[in-house]
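Peer 1: This is the structure I want to talk about, given as structure tokens.
The values are calculated or read from the model by the stated rules, or taken from the named source; none is laboratory data. It should be emphasised that the depicted structure is a prediction, and the values quoted were computed from it without experimental measurement. Ideal geometry is used to build each Cβ from the backbone, glycine not excepted, and the neighbour counts take in all protein chains shown.
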Amino acid sequence: MAEVVPLVLVEREPEGRIATVLLNRPDRLNALNGELMGELATALRELDVDPDVRCIVIGGSERAFAAGADIGEMATASAIDMYLAQRVDRWDAIRSLGTPLVAAVSGFCLGGGCELAMTCDLIVASETAVFGQPETGLGILPGAGGTQRLTHAVGKALAMDIILSGRRLSARQALEAGLVARVVAREAWLDEARRVAREIASKGPLANRLAKEAVNRAQEGPLSLGLDYERRVLYLAFASEDAREGLSAFVEKRPPRFEGR
Ligand code: DAK
């Protein structure tokens, strides 16, 4: 019987607070077919409800984070197939995770791959990374948030250029444009993303979840509502044991021990 190869690999650090989820379809440059997206959403949901996991790294291979949705699969799918295959639900499941997500991007990060990276909370990119939304070259358009998130990240002029002309951005260009948070050496793409994840995991986990929600609000509505939301979640954070612990630890000159409550 043929060996079943998982399309995503989940790694947990033995004593650590971070998990790494690696897309594992290297012969197809991690093209996101329905099966892979299903495994990814399931793995992420399980990690999201594990109180020991405080940050998740999502990565691909050195050659490709992901070269987009699976074109072969889409080529034979009707609009109704696409709808019924619950593709949107899987993307929504990833978007609604409370745990901070770091995208570790090396190589091609195109189409749905770029949209997946943008669904994460921040992108750590290898200097080899290449970002783009080439969907219009296939007669379709970005369908997992690309027209919205890319525009928020880089502004209308550049987003239009990337989406309409198929222009690709290098890691450095993506950094300058505000799409990625950090660019790191080629060989360090995963280690550096994990290091950033450990930094995130060392902070108050409840505070990080609330801050993530509040930052996302900045993209979703008017400033006045965002400011109001920020204030409310700050009061919520103040009511937490983590806030007592974090503030006391500073005053007592010791490292905090957060419980996520
Ligand atoms: N799908 C399927 N197979 C792919 C693929 C893809 N997106 N990208 C690469 N591959 C396969 C290639 O066919 C090749 O397979 P073999 O020929 O070896 O069998 C293998 O991966 C290696 O690729 P190449 O030989 O082409 O490698 P190169 O280095 O020459 O070129 C490349 C790398 C990334 C420039 C090239 O492979 C390429 O242009 N790939 C397609 C990139 C692309 O157009 N991506 C956008 C896809 S559309 C939705 C949500 C999202 C989406 C849709 C719906 N809903 C929520 C409903 C998203 C749509 C997209 O992403």
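Peer 1: May I ask you to list the residues in region 23-55 that are within 12 Å of the ligand (Cβ to nearest atom), surrounded by fewer than 19 Cβ atoms within 10 Å (Cβ to Cβ) and among the basic types (Lys, Arg)?
Peer 2: Passing the criteria: only ARG28.
Peer 1: Next up: Out of all the residues in region 111-143, which are of a type in the set (Val, Ile, Thr), assigned to a loop (DSSP other than H, G, I, E, B) and more than 7 Å from the ligand (Cβ to nearest atom)?
Peer 2: Going through region 111-143, the residues of a type in the set (Val, Ile, Thr) turn out to be 119, 123-124, 128, 130, 136, 140.
Going one step further and asking which of them are assigned to a loop (DSSP other than H, G, I, E, B), we end up with 128, 140.
THR128, the sole residue that qualifies.
Peer 1: Here's something else I'd like to know. Is there any pair linking a residue in region 17-32 that is free of Cβ contacts under 8 Å to residues at least 40 places away in the same chain to one that is within 9 Å of the ligand (Cβ to nearest atom) and not β-branched (Val, Ile, Thr), with Cβ under 8 Å and at least six apart or on different chains, and which?
Peer 2: ASN24/ASN30; ARG25/ALA31; ARG25/ASN33; PRO26/ARG63; PRO26/ALA64
Peer 1: Hey, another quick one. Does region 218-232 contain at least one residue that is modelled with pLDDT of 95 or more and either among the β-branched types (Val, Ile, Thr) or not in a helix (DSSP H, G or I) (or both)? Steps first, please.
Peer 2: If we filter region 218-232 for residues that are modelled with pLDDT of 95 or more, which is where we start, we get none.
Looking for residues that are modelled with pLDDT of 95 or more and either among the β-branched types (Val, Ile, Thr) or not in a helix (DSSP H, G or I) (or both), one finds none in region 218-232, hence no.
Peer 1: Right, here's the next one. For region 89-107: of the residues being under 18 Å from ALA153 (Cβ atoms) and hydrophobic (A, V, I, L, M, F, W, C), which is farthest from the ligand (Cβ to nearest atom)?
Peer 2: Let us first name the residues in region 89-107 that are under 18 Å from ALA153 (Cβ atoms), namely 91, 94-95, 100-105.
Then drop every residue that is not hydrophobic (A, V, I, L, M, F, W, C), which leaves 91, 94, 101-105.
On the way: TRP91: 5, ILE94: 11, LEU101: 17, VAL102: 21, ALA103: 15, ALA104: 18, VAL105: 13 Å.
That would be VAL102.
Peer 1: Moving to a separate point now. Among the listed residues LEU190, LEU175, LEU179, identify the single one that is hydrophobic (A, V, I, L, M, F, W, C), in contact with an Asp or Glu (Cβ under 9 Å, 6 or more places away or on another chain) and in the same structural domain as ILE18 (by TED's automatic domain parsing). First the steps, then the outcome.
Peer 2: Numbers: LEU175 fails: in contact with an Asp or Glu (Cβ under 9 Å, 6 or more places away or on another chain); LEU179 fails: in contact with an Asp or Glu (Cβ under 9 Å, 6 or more places away or on another chain).
Every option except LEU190 fails the conditions.
Peer 1: What number of residues within region 59-88 are more than 9 Å from the ligand (Cβ to nearest atom) and either at pLDDT 95 or above or of a type in the set (D, E, K, R) (or both)?
Peer 2: Residues meeting the conditions: 6.
Peer 1: Could you please find all residues in region 174-201 being surrounded by 18 or more Cβ atoms within 10 Å (Cβ to Cβ) and not small (Gly, Ala, Ser)?
Peer 2: LEU175, LEU179, VAL180, VAL183, VAL184, TRP189, LEU190, GLU192, ARG194, VAL196, ILE200
Peer 1: Tell me which residues, restricted to region 33-48, are over 17 Å from the mean Cα position of the chain (by Cα) and either within 15 Å of ILE94 (Cβ to Cβ) or without any contact (Cβ under 8 Å) to a residue 40 or more places away in the chain (or both). Talk me through it step by step, then tell me what you get.
Peer 2: Residues of region 33-48 over 17 Å from the mean Cα position of the chain (by Cα): 33-35.
Residues satisfying the conditions are GLY34, GLU35.
Peer 1: Among the residues of region 160-168, are any surrounded by 19 or more Cβ atoms within 10 Å (Cβ to Cβ) and either under 22 Å from the mean Cα position of the chain (by Cα) or not assigned by TED's automatic domain parsing to the domain that holds LEU116 (or both)? Spell out how you get there, then give the answer.
Peer 2: Quick first cut of region 160-168, residues surrounded by 19 or more Cβ atoms within 10 Å (Cβ to Cβ) only: 162-163.
Next, from what is left, pick out any that are either under 22 Å from the mean Cα position of the chain (by Cα) or not assigned by TED's automatic domain parsing to the domain that holds LEU116 (or both): 162-163.
Yes, region 160-168 contains at least one residue that is surrounded by 19 or more Cβ atoms within 10 Å (Cβ to Cβ) and either under 22 Å from the mean Cα position of the chain (by Cα) or not assigned by TED's automatic domain parsing to the domain that holds LEU116 (or both).
Peer 1: Any idea which residue in region 7-22 is surrounded by the fewest Cβ atoms within 10 Å (Cβ to Cβ), counting only those that are among the hydrophobic types (A, V, I, L, M, F, W, C) and in contact with a helix residue (DSSP H, G or I) (Cβ under 8 Å, 6 or more places away or on another chain)? I'd like the intermediate steps shown before the answer.
Peer 2: Step one: filter region 7-22 for residues among the hydrophobic types (A, V, I, L, M, F, W, C), giving 7-10, 18-19, 21-22.
Add one more test, that the residue is in contact with a helix residue (DSSP H, G or I) (Cβ under 8 Å, 6 or more places away or on another chain), and what stays is 7-8, 10, 18-19, 21.
Values: LEU7: 20, VAL8: 21, VAL10: 16, ILE18: 27, ALA19: 26, VAL21: 20.
Among those residues, the one meeting the criterion is VAL10.
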